[in-house]
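Structure first, then comments.
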Amino acid sequence: MAGPFGTVSWAGGDGHNIPLQQDGKNAYYLTLAWYATGTEIWLTRAKNTILAWGSTLKDLNEHIQGGEGLAYMTAAAEILRASASDSGWSSENTKTYLGMIDRISAGWNETRGLVGPNFFMNQGAYGNSGAMNVAVFSDNRDLYEDMVYHATVGANPDPSIDYAIPIQISGDKDFYGQVTEMGRDQGHPMARIQGTSGVDFFTQNSSRLLAGWEYWSRYNSGDDDVPWEPKATPPATSDEVYAKLNDISRGRNYANDTALHPLETIGVAYHEYYRRGDASEMPHHLAYMKWQGLGWDAFEWGDDGSLKAIGLL
């Protein structure tokens, strides 16, 4: 366990945002591993991690690594609560975790915490996912609806950097599926086009996420004829325009990147659309995943190699 800490702030590793990210992801992986196999030691480690942070964290003011870590940890807590008869999750455990949520969210506003509408592009998706997950766990309808609105409509006073799905993924017929941050590099768009718990973002805006994955996969599979509409960055840097697709990180081998594999949005996309019977609508994404070696070897399906990659075997 990398934490827990009482404060998580915007200060790199010194702000304890990285430990929360690491512990949140590990708690989630351990919870899935226990749920799939019944291995008690993984359940014990997951619960210990969740409750240690639940008893300690008082202030969360970092929305990227902190937001992601909180989202994963809360999802793990939700699974354990929903399976209490097997996991042993108690009402006291719920009280502990809800106490943490109350403490950290009390000071969130438009300029502090995870709920601001003006985060830059993909960064907002991390904060949104953390806030939305705690809204679900704590049955906070107002927070939940605010986060859904931010993700599906947008509330940023500067629409050019709004992280809402229909704003950052183009619906223009000539540039359909274009993800704005592909003008920055090819790693950040995958963070941008991610699913968030609680509402079916996969079908929002005529399955705009699917279009984004297809567009991204087409370019990252080597297609140099992908159409691109230049996009301006914020007014503060109005002289900067994403004039073309940026090839930084293009074709990155995520399968061999232990920091990202096995549970990342490229696998989640395939799983979601395959489960819905829509996988045939994303041929570029399927081809990209076949080339990468991702898909059924992802952690969701209990592959031994994936379990070994995160130290569970």
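Each reported figure results from applying straightforward, stated rules to the coordinates on display, with no laboratory input. What you are looking at is a predicted structure, and each value in this text was computed from that prediction instead of being measured. All Cβ positions, glycine included, derive from the backbone under ideal geometry; neighbour counts span all protein chains shown.
Mind checking the full-extension length gain between Asp185 and Glu145? Use 0.36 nm per residue of separation minus the Cα-Cα distance, one decimal, nm. List each step's numbers first, then the result.
Details: separation 40, 0.36 × 40 = 14.40 nm, distance 3.10 nm.
Net length gain for the segment: 11.3 nm.
On full extension of the chain, what length is gained from Tyr274 through Asp102, given 0.36 nm per residue of separation minus the C-alpha to C-alpha distance? List each step's numbers first, then the result.
Working: separation 172, 0.36 × 172 = 61.92 nm, distance 3.73 nm.
Gain on extension, Tyr274 to Asp102, equals 58.2 nm.
Compute the FRET efficiency between Ser91 and Trp10 as 1/(1 + (r/R0)^6), taking r as their Cβ-Cβ distance and R0 = 30 Å, and round to the nearest 0.05. Before the final figure, lay out each step's value.
Numbers: r = 34 Å, r/R0 = 1.15.
Given R0 = 30 Å and the Cβ-Cβ separation, E is 0.30.
Once you list every other residue whose beta carbon is under 13 Å from the beta carbon of Asn26, what net charge do they have if Lys and Arg are +1 and Asp and Glu are -1?
Here the charged neighbours net out to +1.
Under 21 Å between alpha carbons, and skipping anything fewer than 8 positions from Lys25 in its own chain: which lysines qualify?
Cα-Cα hits under 21 Å: Lys47, Lys58, Lys308.
Once you place label points 7 Å from the Cα toward the Cβ at Thr39 and Val153, how far apart are they in nm?
Taking the two extended label points, one gets 4.6 nm.
Given the Cα-Cα distance of Asp225 and Asp174 and 0.36 nm per residue of separation, how much length would full extension add, in nm?
17.1 nm
For the stretch 157-183 and the stretch 15-79, what is the centre-to-centre distance using only Cα atoms, to the nearest Å?
Cα centres, the stretch 157-183 to the stretch 15-79: 31 Å.
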